[in-house]
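The values are calculated or read from the model by the stated rules, or taken from the named source; none is laboratory data. Note that the structure is a prediction, hence the values are computed from the model and not measured. All Cβ positions, even for glycine, are placed from backbone atoms using ideal geometry, and neighbour counts span all protein chains on display.
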2 protein chains.
Amino acid sequence: MQLSCITLFTMERVLDRILSEITGRGFRLTRVRRAVVEIFLDRGLPLSAADVIAALRPGNASINKTTVYRELAFLEEHGIIKEIRFLHERVKRYELAGGDHHHHLICMKCRKVEDIVLEGDLEEEERRILESTGFRVLDHSLEFVGICQGCR
Amino acid sequence: MQLSCITLFTMERVLDRILSEITGRGFRLTRVRRAVVEIFLDRGLPLSAADVIAALRPGNASINKTTVYRELAFLEEHGIIKEIRFLHERVKRYELAGGDHHHHLICMKCRKVEDIVLEGDLEEEERRILESTGFRVLDHSLEFVGICQGCR
DNA sequence: GAGTGTAATGCAACTTAGTTGCATGTGTCA
DNA sequence: TGACACATGCAACTAAGTTGCATTACACTC
């Protein structure tokens with residue numbers, strides 16, 4: 001992955017913030033934990049447990065899948081990553097939490113995922129839903145499926 | 001399920017249309033096939049394979065799960081139902097295809113699901129996405145999670 | 001109404017994704 | 001350096017869905 005100096009610098013800061021958040025709450029900074037957080041930062045995309053395991057393999061010969069599942073649960077529980085699911089996919093995915101609120105563009109051909117930020121998002125819609133149905137929206141998930149520029 | 005005469009009449013018409021679509025293409029109208037379509041019409045909500053199996057049980061003592069999975073695949077393949085997945089759920093769900101384009105309100109407390117139709121939907125957003133990223137949106141999925149009127 | 005071909009069904013065994021219990025290992029702090 | 005509790009590894013398990021293959025039953029013809 002090619003990174004500019006700025007991006008690298010930002011990533012280091014985010015990594016430090018996450019790691020000190022973990023230690024600050026009395027949890028340990030283990031080899032696996034650090035590696036998993038770095039993988040999420042490095043990829044910047046929603047990853048499944050299988051993705052994380054594959055990414056860990058080169059350096060750390062045999063990391064148990066149970067450990068990875070538990071690490072993902074730990075990071076989610078502490079608000080560092082959050083679960084998302086894509087349409088027609090059976091696997092859980094996670095991405096770093098705490099970034100800007102965004103949605104995903106998923107290419108049907110190459111399966112590439114891009115983030116997208118919508119102007120004004122859906123606040124207006126959610127207000128209208130409350131008015132017309134009495135349903136109070138607390139969260140939403142939105143994903144777009146189609147063909148990316150490279151595949152057209 | 002309480003139904004008005006109008007609703008019952010409409011359901012009958014929809015059922016007939018679906019069934020004649022199936023026979024018209026040279027497929028058989030079996031006991032299970034008819035029952036599954038009727039269940040979707042009757043419930044009017046996204047159902048999982050387990051839901052369908054449970055709904056079949058009372059009348060049809062032992063319908064094999066393989067049959068149900070294959071029936072759902074058949075109905076999806078022929079555009080009669082379509083797959084949807086809800087956030088944080090691992091199971092596939094299906095709902096009748098061909099109705100108005102809509103989204104779902106999912107109550108976190110009672111798990112009830114309501115349909116919602118958005119004014120103008122997301123056409124405007126999709127046009128903007130094409131302009132700014134070159135990604136051509138062909139489909140989207142949107143669901144709202146929150147608290148329904150009854151649970152507040 | 002009987003015969004026939006093929007779609008549909010049932011059963012068992014399998015796959016994939018994720019989880020649980022329990023014994024063992026290792027970071028961190030005193 | 002030692003000790004405690006968090007973290008890890010292994011094996012066995014669960015849930016959801018799939019596959020292969022033998023059997024059944026629609027729907028069509030006669």
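At-a-glance table
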| quantity | calculated |
| --- | --- |
| Residue match in the stretch B:38-54 (condition: under 22 Å from B:R13 (Cα atoms), more than 14 Å from every other protein chain (Cβ to nearest Cβ) and aromatic (F, W, Y)) | yes |
| Residues of the stretch A:122-152 classified as out of contact with any Leu (no Cβ under 9 Å at 6 or more places or on another chain) and in a loop (DSSP other than H, G, I, E, B), total | 2 |
| Boolean, A:P46 is in the same structural domain as A:S20 (by TED's automatic domain parsing), touching a strand residue (DSSP E or B) at 6+ places or on another chain (Cβ under 6 Å) and over 27 Å from B:E119 (Cβ atoms) | yes |
| Boolean, B:L75 is more than 14 Å from chain A (Cβ to nearest Cβ), touching a Phe, Trp or Tyr at 6+ places or on another chain (Cβ under 8 Å) and more than 16 Å from DNA strand C (Cβ to nearest atom) | no |
| Selection status of A:R28, basic (K, R), loosely packed, with under 15 Cβ neighbours inside 10 Å and part of a helix (DSSP H, G or I) | no |
| Failed condition for B:E89, given (1) under 14 Å from the mean Cα position of the chain (by Cα); (2) surrounded by fewer than 16 Cβ atoms within 10 Å (Cβ to Cβ) | (1) |
| Evaluation of A:K82 against (1) more than 16 Å from DNA strand D (Cβ to nearest atom); (2) in a loop (DSSP other than H, G, I, E, B); (3) in the same structural domain as A:P46 (by TED's automatic domain parsing) (one fails), failing number | (2) |
| Residue among B:I84, B:I116, B:I129, B:I106 that alone is more than 25 Å from B:I147 (Cα to Cα), within 12 Å of chain A (Cβ to nearest Cβ) and more than 16 Å from DNA strand C (Cβ to nearest atom) | B:I129 |
| Any hit, the stretch B:35-54, residues being among the β-branched types (V, I, T) and near DNA strand C (Cβ under 9 Å from one of its atoms) | yes |
| Odd one out for A:V52, checked against (1) in contact (Cβ under 8 Å) with a residue 40 or more places away in the chain; (2) not in a loop (DSSP other than H, G, I, E, B) | (1) |
| Output for the stretch A:58-79, where each listed residue is out of contact with any helix residue (DSSP H, G or I) (no Cβ under 9 Å at 6 or more places or on another chain) and away from DNA strand D (no atom under 12 Å from the Cβ) | A:P58, A:E76 |
| Among residues of the stretch B:85-121, those that are assigned to a loop (DSSP other than H, G, I, E, B) and farther than 24 Å from B:T23 by Cα, counted | 21 |
| Qualifying position, being more than 17 Å from the chain's Cα centre (by Cα) and in a helix (DSSP H, G or I), among A:E76, A:E21 | A:E21 |
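Yes or no, residue by residue, for (1) surrounded by 12 or more Cβ atoms within 10 Å (Cβ to Cβ); (2) touching a strand residue (DSSP E or B) at 6+ places or on another chain (Cβ under 9 Å); (3) in the same structural domain as A:T30 (by TED's automatic domain parsing):
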{"site": "A:R57", "(1), (2), (3)": "no, no, yes"}
{"site": "A:I63", "(1), (2), (3)": "yes, no, yes"}
{"site": "A:T67", "(1), (2), (3)": "yes, no, yes"}
{"site": "A:E76", "(1), (2), (3)": "yes, yes, yes"}
